[in-house]
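Before any comments, here is the structure.
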Amino acid sequence: MRLYTLSDVKLNICQKETELFKIAEKKLKTKPAYFAIKKKSLDARDKSNIRYVYTIEFSDTPQNRTEQTYPQLPKEKMPKCATIVVGSGPAGLFCALRLIEHGVTPILIERGAPVDERERAINRFFSERLLDENSNVQFGEGGAGTFSDGKLNTQTHSPLNREVLETFVRFGAPEEILWLNKPHIGSDNLKKVVKNMREYILNKGGKVLFYTRLIDVEIVDGQLRFATLKTPNGEEKIEVSALVLAVGHSARDTFEMLQNRGVPMRQKDFAVGVRIEHLQSNIGYAQYGNAYAQLPAADYKLVSHASERAAFTFCMCPGGYVMPAASEAGGVVTNGMSNYARDQRNANAALIAQVSRADFDGDDALAGVRFQRRLERLAYEVGGDNYAAPVQLVGDFLANKESNRFGEVLPTYAAGTSFCELRAVLPTPITQALKSAIVDMDRRLKGFASPDALLTAVETRTSSPIRIERDETLQSIGVKALYPCGEGAGYAGGITSSAADGIRIAETIYAKFLQ
């Protein structure tokens, strides 16, 4: 029997999804033997008639789902030396998973701790302000994305994106990420998912080494030959067949080492700014009107060209927290996080403005890193030299005066806050762009410029400040067997695109070993 697909099927917010099954039954004139939701989005353009919009698929015969299998690398083609994946964020994890599925058993190294120990180190930092520079919100099992919202929407159109979502579901993510228009896993679920991925890699013969950091590489005649690792037992030099650099956007010591070894890198534009917090209920009302309480926590995405420097919101976390996200002593960094339920009092998002090479001091590859570090250290000093974050109410920020009390929005930044004027932390062109953007964005999202909304500084780790150059074979230019990968190398911009890049790298390595 024919497989039917119906698009643009609408339900009002009070209707149950069982109505979709009835629609399929009416079309078939019998009960569907197979039924699936393929896509779900929310149409809130008319606040008096908010509706869910679905694409559904169904048939009167069962649909057999075949599990994807991958060709195995023949024994005679197996590499004689180690295949090392550096970093256990989405790029590294998905690269290691795909290598395993091709029969290649990699060594996955991670400078930080397993996720449970990592969470304890993070909580200790929040409560006692004792920073572990190798195991924190940036570093550790799962990468920076583990302590975020787990957003999986992406603007890339890679054919691997669907496969990334299916893999997450396979390892314990909610199945709805396969059809939601804006899928998210939630930080609480991500912790479980990355542990399941790790166990799979170990059960298939791979190695996962925590508290292990890449500290040097040896390149001979344009070929990577050795990697030196710093382990809990000392330094170890390993001969390698391939090394994947999936180190994330904050591995500054690794970037410095690569620069010293002559690995081609260049500066990359990024963005800096603050976290802005509102009451989640106010965002819900602005987006959905009186129906907001019946709907999932509202989000937003805003762009402003009200000044010469573009500004935009990024990594919006409904019902979440502003996270202390430092990875270097003496610096304050913010990030955002939500659990799956998105049920906390505040909404937060990065409110950031573009910076470019013209803003940096120097023209070398690491000039952007120095720019980030300078802002982070300023925020640390202004906040009181104890990892408290500088904060200012939006109304006071627009009026150029220091705040002295909180309004209806209370801070969620767990390491403490300190009132200041943000112009003491951010360069004047950035503060001017953010001021113009707040007023401009309020025209599209009523209440965005609420005087009681709260700004927390400083948001600097929006993306990697460098790009590790690679050629059409996905290897570092001039350095064979070295594979820059994911967001840290400048080739992705979030969980899904990083994971997809990890898969691409794994397939490239497999094809290389086959030769």
Item checked: Amide H within-cut-off set for GLY142, under 5 Å, with H built and near neighbours excluded -> SER88, GLY89
Check: If contacts are Cα pairs under 8 angstrom and at least 6 residues apart, what is the relative contact order of the chain in percent?
Finding: 18
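Let me know the whole percent of all Cα-Cα pairs from the stretch 269-459 that are separated by more than 25 Å.
30
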Next item on the list: Quickly rank 416-427, 383-394, 352-363 as a protection proxy: mean count of other C-beta atoms within 10 Å, highest first.
Entry: 383-394, 416-427, 352-363
Next item on the list: Give me D for the stretch 1-104 in µm² s⁻¹, whole number, from Stokes-Einstein with Rh from the Kirkwood sum over alpha-carbon pairs, 37 °C and 0.692 mPa s.
Entry: 184
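Tell me, what is a quarter of the convex hull surface for the C-alpha atoms of the stretch 389-515, in nm² with one decimal?
Values: hull surface 44.8 nm².
Averaged projected hull area, Cα only: 11.2 nm².
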Notebook entry, point to check: Nearest 0.05, what FRET efficiency do LEU11 and LYS446 give at R0 = 30 Å with Cβ-Cβ as r?
Noted result: 0.65
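If you place +1 on the Cβ of every Lys and Arg, -1 on the Cβ of every Asp and Glu, and leave all else neutral, what size is the dipole of the chain about its Cα centre, to the nearest 20 Debye?
Working: 65 positive and 61 negative charges, 293 e Å.
Charge dipole of the chain: 1400 debye, to the nearest 20.
What does the convex hull of the alpha-carbon atoms of the stretch 70-225 project to on average, in nm²? Could you put the intermediate results ahead of the total?
Values: hull surface 44.8 nm².
Its average projected convex-hull area is 11.2 nm².
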Check: Do the alpha carbons of any pairs in LYS39/LYS75; LYS191/LYS480; LYS39/LYS512; LYS204/LYS480; LYS26/LYS446; LYS268/LYS480 sit beyond 32 Å of each other, and which pairs?
Finding: LYS39/LYS75; LYS191/LYS480; LYS39/LYS512; LYS26/LYS446
Item checked: Span from the the stretch 81-122 Cα centroid across to the the stretch 273-318 one, whole angstrom -> 34
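Using the Kirkwood formula over every pair of different C-alpha atoms, what hydrodynamic radius in Å results for the stretch 40-91? Walk me through the intermediate numbers first.
Working: mean 1/r = 0.0560 Å⁻¹.
Kirkwood radius, the stretch 40-91: 17.9 Å.
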Note to self: I need the fraction of alpha carbon pairs in the chain separated by more than 40 Å, rounded to a whole percent.
What the structure shows: 26
Notebook entry, point to check: Based on the Cα gyration tensor of the stretch 399-445, what are the three equivalent ellipsoid semi-axes, each the root of five times an eigenvalue, rounded to whole Å and given largest first?
Noted result: 21, 16, 11
Item checked: Gap separating the Cα centres of the stretch 143-162 and the stretch 397-440, nearest whole Å -> 29
Notebook entry, point to check: For the stretch 4-59, max minus min Cα coordinate along each principal axis, in Å, sorted largest first?
Noted result: 36, 17, 13
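Under unit Cβ charges (Lys, Arg +1; Asp, Glu -1), what dipole magnitude, rounded to 20 debye, does the stretch 269-459 have relative to its Cα centre?
Details: 17 positive and 21 negative charges, 80 e Å.
Dipole of the stretch 269-459, to the nearest 20 debye: 380 debye.
For a 20 Å ceiling on Cα separation, which of these pairs sit above it: LYS22/LYS151; LYS301/LYS435; LYS192/LYS301; LYS47/LYS301; LYS31/LYS182?
LYS22/LYS151; LYS192/LYS301; LYS31/LYS182
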Margin query: Which one, ALA511, SER250, GLN63, projects farthest toward the positive side of the charge dipole computed for the chain from Cβ point charges (K/R +1, D/E -1)?
Written below: GLN63
Next item on the list: Using the charge dipole of the stretch 276-375 (Lys, Arg: +1 at Cβ; Asp, Glu: -1 at Cβ; taken about the Cα centre), state which of GLY330, ASN346, PHE360 has its Cα farthest towards the positive end.
Entry: ASN346
Note to self: Using amide H atoms built in the peptide plane, which far-off residues or other-chain residues are under 5 Å from ALA325 H to H?
What the structure shows: VAL333, THR334, ASN335
Notebook entry, point to check: From the phi of every residue in the stretch 313-324, what ³J(HN,Hα) in whole Hz does the Karplus formula 6.51 cos²θ - 1.76 cosθ + 1.60 yield, where θ is phi - 60° and glycine or proline is x?
Noted result: 8, 8, 6, 6, 10, x, x, x, 10, 8, 9, x
Margin query: What's the magnitude of the charge dipole for the stretch 4-59 around its Cα centre, counting Lys and Arg as +1 and Asp and Glu as -1 at the beta-carbon? Answer in Debye, nearest 20.
Written below: 60
Margin query: Given the -39500 (n - 2.57) contribution per DSSP H run of 4+ residues, what per-residue ellipticity at 222 nm results for the chain, rounded to the nearest 500 deg cm²/dmol?
Written below: -8500 deg cm²/dmol
Next item on the list: For ARG470, enumerate residues with amide H under 5 Å from its amide H, sequence gap 5+ or separate chain, H modeled in the peptide plane.
Entry: ILE477
Checklist line | Partner lysines for LYS207 [C-alpha distance under 17 Å; skip if fewer than 8 residues away on the same chain] | finding: LYS80, LYS195, LYS230, LYS237
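Tally Lys/Arg at +1 and Asp/Glu at -1 over every other residue whose Cβ is under 13 Å from the Cβ of SER41; what's the total?
+3
Bear in mind that the values in this text are calculations on the coordinates, not laboratory data. Treat the numbers as computed from the prediction; the structure is a model and nothing was measured. In this analysis, Cβ positions are derived from the backbone assuming ideal geometry, glycine residues included, and neighbour counts consider all displayed protein chains.
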